[in-house]
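Each value in this text was obtained by applying a stated rule to the coordinates, not by laboratory testing. Since the structure is predicted, the reported quantities are computational estimates derived from the model, not experimental observations. We place every Cβ from the backbone using ideal geometry, glycine too, and count neighbours over all the protein chains shown.
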């Protein structure tokens, strides 16, 4: 169980009177993976992230982070150094009015060397393209910029795993794409294991692996592109596929082109233009 997050037969409910939110979940997340956990509201995906990080107490099943058991309270501090979470609303994560002070905040609890702290903060801000804003007031930043500051604060801690818990859901399309590009860079160029939790199915296209959670049960675990065109399956799991996939399905259904599925918007536009010219 070294170099992985191992989730074994995990169930969870808030109290003895409530229903189970997670039901016998088992997942293995290897170092370096870029995975997407996707599901509708109430699926249990955010609950799972809080169990991995030790925010919620685990009573049923086992979770190991690099062989450290989440159930052992003595491990929680070490686990939280390894696994960090970027939450949905950056305003709930930002604690200082100046960008640099906010990124420094977590480091000052674990490091004493001022040069090391400054180096980590500067590097983290550069990775999220916020170095030029280091002396800016956080209250004057856009939603996307605030989320990048939150990510910088996490990066400065040098975690092995970062969970992004619906971190793009409050952003406009441009801000969302900027954050997704940062996630890709962190995984591909810096070796950080990224766990993206979302209800936007288009976001799973940037990931290597998708896990669909519905009512606390894993309904799919595999390659994202293998499931995007199964509209009936996705609908049963409270999800709707991308516009490109839906239009591609319709074109195939009505015989306008062969059985080649189209994922990318640019390719779809080119095909539609060709079909229009043939009319």
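Values computed for the structure shown
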read-out	value
For region 149-279, convex hull of alpha carbons as volume per residue, Å³	133
Region 4-241: relative contact order in percent, alpha carbon pairs under 8 Å with at least 6 residues between	27
Most mobile of 53, 119, 75 in a GNM of the chain (Cα contacts under 10 Å)	119
Considering only the chain, percent of DSSP beta bridges that pair antiparallel, nearest 5	50
Gain in span if fully extended, residue 31 to residue 56, counting 0.36 nm per residue against the direct Cα distance	6.7 nm
Sorted peptide list for 142-148, 167-173, 184-190, 110-116, criterion being average Cβ within 10 angstrom, highest first	142-148, 167-173, 184-190, 110-116
Inter-part distance where region 114-137 and region 9-28 are each reduced to a Cα centre, Å	39
Candidate values [x] 21.0, 87; [y] 19.3, 62; [z] 20.6, 71, label of the one derived for Rg and Dmax of the Cα atoms in Å	[z]
FRET E, pair residue 67, residue 188, Förster distance 35 Å, beta-carbon r, rounded to 0.05	0.85
Simple label model, 7 Å out from Cα along Cβ direction - residue 266 to residue 223, nm	2.2
Computed FRET value (nearest 0.05) for residue 231 with residue 105, which takes r as the C-beta separation and R₀ as 45 Å	0.50
Extension gain, residue 240 back to residue 11 (0.36 nm per residue minus Cα-Cα distance, nm)	79.8 nm
With Cα atoms, 0 to 90° folded angle of helix 243-253 axis to the chain main axis	30
Residue-averaged [θ]222 nm for the chain, counting only DSSP H segments that reach four residues, each worth -39500 (n - 2.57)	-10500 deg cm²/dmol
Spin-label model distance (nm) - residue 181 vs residue 113, 7 Å beyond Cα toward Cβ	3.3
